[in-house]
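Have a look at the structure below before the remarks.
Any read-out appearing in this document is the output of simple, stated calculations on the displayed coordinates, not a laboratory observation. None of the values given here were measured: they were computed from a predicted structure. Cβ placement follows ideal geometry from the backbone for every residue including glycine, while neighbour counts extend to all protein chains displayed.
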Amino acid sequence: MELNTLVHPTAVVHPSAILEPGVIIEAYAYIGPNVKIGEGTKIHTHAIIMENVIIGKNCEIFPGAVIGAPPQDLRYKGEKTFVIIGDNNKIREFVTIHRALEEGCTEIGSNNLLMAYSHIGHNCKVGNNVVMANYVGISGHVVIEDGAVFGGIVGVHQWVRVGRLAMIGGYSKVVQDVPPFMIVDGRPAKVAGPNKVGMRRAGIPLSVRNQIKKACLILFHSKLPLGKGIKKVEEEIPDKSEELLSLLEFVEAMRKSRAGRQLEHLARRRG
């Protein structure tokens, strides 16, 4: 069946914008230059897609959202930078997603839910199946891996990395990397324990969840330095699962990085 593209007469669509079949642009929405919107995506009334934005299929952008604004960084001098968004995302009311700095790209994966008033800053990389509750603020250069969940009114420092299936409690202040499979909470946020429910829902077997639980106790609740904690986990847990190996790799990177923030930042400063 052929899909019709519907654009309300009061919407403003730049001549260079590309709208694929089935796109719906509601009243008073604005679609700027060099924008491509994928099949079946709906742009609600008063949403703004500014420029240099690619949006995938079957997304829904709600009223008041602004995607593709320039980065909030005094170093930005008008370079041509981008926002790229995958498929099946729901971007709720007044969410803001900014273009990158220095000829880069802000990237959002697929199947994400960004609730009202969330902000994703320049050069961020967001994976798939991520959920952000209302008023989450993500600073520039943050990496968020698949399946992470954010409670409301969370603030995340620039250059932080949030691991796979991590969960961040509401009102938390995140100033260093969040290990995968963990729940963190507080100001500043600290590891409270393994994300048992999240891992179970993701289909991770009980035996693997038990490995992660034991590693969590050693790494984050034994008062050992991270280096010694990693060594103890390696000694005490045989037949390590892929998930446990990824956790150890992540924590080793935390140990080596600046203030527990992703190694890319440290390499950038040295460069």
> How many angstrom lie between the C-alpha centres of region 1-72 and region 100-179?
Replying inline: 23
> Between H221 and D73, what is the spin-label point distance in nm, taking each point 7 Å from the Cα along the Cα→C-beta axis?
Replying inline: 3.8
> Once the piece of chain linking A259 and K228 is laid out straight, how much longer is it, given 0.36 nm per residue of separation minus the C-alpha distance between them?
Replying inline: 9.3 nm
> Which value, in debye to the nearest 20, gives the size of the charge dipole of region 165-224 about its Cα centre, when Lys and Arg are +1 and Asp and Glu are -1 at the Cβ?
Replying inline: 180
> Over the chain, what relative contact order in percent results from Cα pairs under 8 Å that are six or more residues apart?
Replying inline: 8
> Taking a ≥ b ≥ c as the square roots of the eigenvalues of the Cα gyration tensor of region 94-185, is the shape rounded (a/c under 1.5), prolate (a/b larger than b/c) or oblate?
Replying inline: rounded
>> At a threshold of 8 angstrom on Cα-Cα distance, excluding pairs fewer than six apart, so keeping six or more, what relative contact order does region 117-271 reach in percent?
In response: 14
> Among L245, L219, L74, whose mean-square fluctuation peaks in a Gaussian network model of the chain (Cα, cutoff 10 Å)?
Replying inline: L74
>> Ranking request for peptides 123-136, 246-259: highest mean number of other beta-carbon atoms within 10 Å first, then the rest in descending order.
In response: 123-136, 246-259
> Within region 31-174, how many lysine pairs that are 8 or more places apart, or on different chains, have C-alpha atoms less than 20 Å apart?
Replying inline: 11
> In terms of modelled amide H atoms, which long-range or inter-chain residues lie less than 5 Å from the amide H of V126?
Replying inline: E107, I108, G109, I144
>> Compute a Gaussian network model of the chain, connecting alpha carbons closer than 10 Å, and tell me which residue from D177, D239, D73 fluctuates the most.
In response: D239
> Cα to Cα, under 24 Å, and not fewer than 8 places away if on the same chain: which lysines meet these conditions relative to K228?
Replying inline: K190, K213, K214, K240, K256
> What shape does region 1-54 have by the C-alpha gyration tensor, where a ≥ b ≥ c are the square roots of the eigenvalues, rounded means a/c under 1.5, and otherwise prolate means a/b greater than b/c and oblate the rest?
Replying inline: oblate
>> Over the chain, with a Gaussian network built from C-alpha contacts below 10 Å, which listed residue (R164, R92, R187) shows the highest mean-square fluctuation?
In response: R187
